[in-house]
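Shown next, in structure tokens, is the structure this report addresses.
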Amino acid sequence: MSIPFLSLHDVTALHADEIRDAAKRVIDSGWYLQGEENKRFEQHFAQYVGSKYCVGCANGLDALIWILRAYKELGILNDGDEIIVPANTFIATILAITENGLTPIFVEPRYETLEINDELIEERITDRTRAIMLVHLYGRNAYSDKIGELCQKHNLLLIQDCAQCHGLKTLNSQLPAHNSAAYSFYPGKNLGALGDGGAVVTDDEALANTIRTLANYGSHKKYVFDYQGRNSRLDEIQAAVLDVKLKYLDEDNAQRQKIANYYYDNINNPLVTLPFRLPDSENVYHIFPVLCEQRDQLQQYLSDNKVGTVIHYPIPPHMQKCYANESWNTPTLSLPITECIAREELSLPISPAMTLEEAEQVVLLINAFNNK
Ligand SMILES: *Cc1c(COP(=O)(O)O)cnc(C)c1O
């Protein structure tokens, strides 16, 4: 039995008939942008996450870029302001910060949770710090009361990168009211389109309006341009597909949790470390990461046995060529935990289309892995 890391074919097949009907409806309608499908999905998604506003856009990176850009246009952020961010995040989080002329301040994660270490944030706060960019990496809830308190105490914006945590319900009740979150609907995400897509959700009306304008060439009224914007819109086919898949998000996440709990209950190889186990209410398992000092051997061994895996992520942002010459990327910047995770992390197969039989196969192989 061959087990792919992720079969998008199988994920789409779970709801294929309804997805086809939705796409066909748009094709036949003759209306492909900024129509009823976007309106409906935005309404449903805002309702689902418990926010007042949702603004669709072209992808998750743009959603992050638009939040920061809109805060700049509103005079809340300024060039060179510092944004606290976990050092082990996906590059898009950092790209959104640097594209806006802001400065990323890297904070190490905990090895045990892989999320930002809230004990290390305060020492990095300066009089230029304006926001914490919280990333719920791998689908794990990275929020803590301590982070909320730091935002209050130092008057910081709380911006969330939710690209990996669609359906993480506990966030609604925990977070301070004035915050904003970026979502990606990249096909492999927990809520994925059949192409690119993204959205911002917030309770802040001015922020939502500014983003809607920015993502439409900077125009809120035809041929009137308030900002130097871009074309960054969610198309009607993707919105229609997402509206179908949103109905099944909780069900899909429950299947991810079933697979993940099977891994937690049954992987018992001392060479393989699992991150601190969270209750299902705190983890939607976008990715199932494990840590292993012999990571490359483990990956090769699983591949030889027809199990697909991926590394998230092999090179941390501060070690990427694109950031080699930044003033904030000093030679003394030391991020040993981030670099260790990059050396040891391996992501096991997990998806709503995966079966327990497949998980069993993966567990048997991992438990038999003996690197001698
Ligand atoms: C996927 C992802 C993004 C970017 O989303 P795209 O839609 O691919 O642009 C941003 N941040 C994180 C943490 C992601 O995983």
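The values are calculated or read from the model by the stated rules, or taken from the named source; none is laboratory data. If you're wondering where the values come from, they're calculated on a predicted model, not measured in any experiment. Because the Cβ atoms are built from the backbone with ideal geometry, glycine has one as well, and the counts that use them run over all protein chains shown.
Please determine, by comparing only the residues of segment 163-189 that are surrounded by fewer than 24 Cβ atoms within 10 Å (Cβ to Cβ) and modelled with pLDDT of 95 or more, which one is farthest from the ligand (Cβ to nearest atom).
Gly167
Take the conditions more than 11 Å from the ligand (Cβ to nearest atom) and not polar (S, T, N, Q) and apply them to Leu134. Does it pass?
No, not satisfied.
Determine whether segment 212-230 contains at least one residue that is within 11 Å of the ligand (Cβ to nearest atom) and at pLDDT 95 or above.
Within segment 212-230, not a single residue is within 11 Å of the ligand (Cβ to nearest atom) and at pLDDT 95 or above.
State which residue pairs qualify: first residue at positive phi and inside segment 46-74, second residue polar (S, T, N, Q) and more than 16 Å from the ligand (Cβ to nearest atom) in any location, beta carbons under 9 Å apart, and separation of 6 or more residues or different chains.
That search, which allows pairs on different chains as well, returns Gly50/Asn172; Gly50/Ser173.
Can you find, within segment 192-211, the residue that is nearest to Ile287 (Cα to Cα) among those that are away from the ligand (no atom under 16 Å from the Cβ) and not small (Gly, Ala, Ser)?
Checking each candidate, the answer is Thr202.
Any residue in segment 173-181 that is outside any loop (DSSP other than H, G, I, E, B) and over 15 Å from Tyr143 (Cα atoms)?
no
Suppose we keep only residues that are charged (D, E, K, R) and in contact with a Lys or Arg (Cβ under 9 Å, 6 or more places away or on another chain) within segment 51-102. Which one would you say is nearest to the ligand (Cβ to nearest atom)?
Asp62
Do any residues in segment 184-212 that are of a type in the set (Phe, Trp, Tyr) have Cβ atoms under 8 Å from those of residues that are assigned to a loop (DSSP other than H, G, I, E, B) and near the ligand (Cβ under 8 Å from one of its atoms), where the two are at least six apart or on different chains, and which pairs are they?
Phe185/Asn59; Phe185/Asp196; Phe185/Gly197; Tyr186/Asn59; Tyr186/Ala163; Tyr186/Asp196; Tyr186/Gly197
Note down all Cβ pairs under 9 Å where the first residue falls in segment 26-37 and is among the aromatic types (Phe, Trp, Tyr), the second is part of a helix (DSSP H, G or I), and they're at least six residues apart or on different chains.
Matching pairs, first to second residue: Trp31/Glu37; Trp31/Glu236; Tyr32/Val26; Tyr32/Glu236; Tyr32/Ile237.
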